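None of the figures in this text is laboratory data; all of them are computed from the coordinates on show. Here the structure is a predicted model, which is why all the values come from computation and not from measurement. So basically every Cβ, Gly included, is an ideal-geometry build from the backbone, and we count neighbours across all protein chains shown.
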Amino acid sequence: MSLLFVTGTGTGIGKTYVTAHLTRQLRVRAVKPVISGFDPAAPAGSDSAILLEAMGEALTPANIDAISPWRYAAALAPNMAARRENRTIDLPAIVDWCAAQSGSVIIEGVGGVMSPVTDEETVLDWIVALDCPALLVGGSYLGAISHTLTAFEALRACAIAVAAIVVSESEAGVDLDETAAVIRTHTQTPVAIVPRRGAPQNLASFVVRYL
Ligand SMILES: Nc1ncnc2c1ncn2[C@@H]1O[C@H](COP(=O)(O)OP(=O)(O)O)[C@@H](O)[C@H]1O
Ligand SMILES: [Mg+2]
């Protein structure tokens, strides 16, 4: 079993977009164990639906349950969404579920590197507990370089192996190649780009040795 954890600088940055592309390119399994803002009556368009489509699997309740067992209605951090349903959320259970996967699996996290998952723990604690490599997705909007390098340093401070940093082109912002080039000057880690509506460039080659 090999796991790659896709995290990012925040929500709506391109984690699902990148994960879906990698899933198709590498023909691996992708899971989104914890999803909030999920409406069981309208699952189409959800992260779970996008990842199932990338795997060529039907959007059925059973398939959704198989890749996204922790689902919450409110579009909030999981602990806050769970509280609104009078439910608790337990990180060891999520970690055990991830660790029990088989084959090559890409795990999409939630939000950004330090988004809360439970009342005490963040995504960073989740990755540390899994002890697996991460992929860090950032954007090319003005300000993205600092957000990306800050998130990267948080991962490094916890000794997490970062397979690559991915710059997913923002809707409006700074030149994509220039953004990636500046990030490269601050790190030895590979930096891949994803043009708007395009496929990741060279990313598969950076991550394939981890999967
Ligand atoms: N490189 C890109 N090109 C075009 N659209 C993108 C790109 N990256 C992200 N998006 C779009 O931006 C939105 C947010 O991306 P998503 O992957 O869902 O973010 P996250 O999973 O980090 O919350 C989605 O509509 C997605 O299709
Ligand atoms: Mg997502």
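For the range 1-85, the spread of Cα positions along the three principal axes, ordered from largest to smallest, is 38, 30, 24 Å.
Can you compute the FRET efficiency between ASP39 and MET114 using 1/(1 + (r/R0)^6), with r the Cβ-Cβ distance and R0 = 22 Å? Round to the nearest 0.05.
Working: r = 27 Å, r/R0 = 1.21.
Once the sixth-power term is evaluated, E becomes 0.25.
Under a 5 Å amide H cut-off, with hydrogens placed 1.01 Å from N, SER115 pairs with VAL123, LEU124 among residues at least 5 apart or on other chains.
Note: relative contact order over the chain, using C-alpha pairs below 8 Å and six or more positions apart, is 26 percent. Of ALA62, ALA199, ALA49, the residue with the greatest mean-square motion in the GNM of the chain, using alpha carbon springs below 10 Å, is ALA62. Put simply, the C-alpha atoms of the chain give a gyration tensor, and the ellipsoid matching it has half-axes of 26, 19, 17 Å, longest first. Between the amide H of ALA30 and those of ILE106, distances stay under 5 Å, these residues lying 5 or more places away or on another chain, with hydrogens modeled in the peptide plane. With the biggest extent put first, the Cα atoms of the range 35-127 measure 36, 31, 20 Å across the principal axes.
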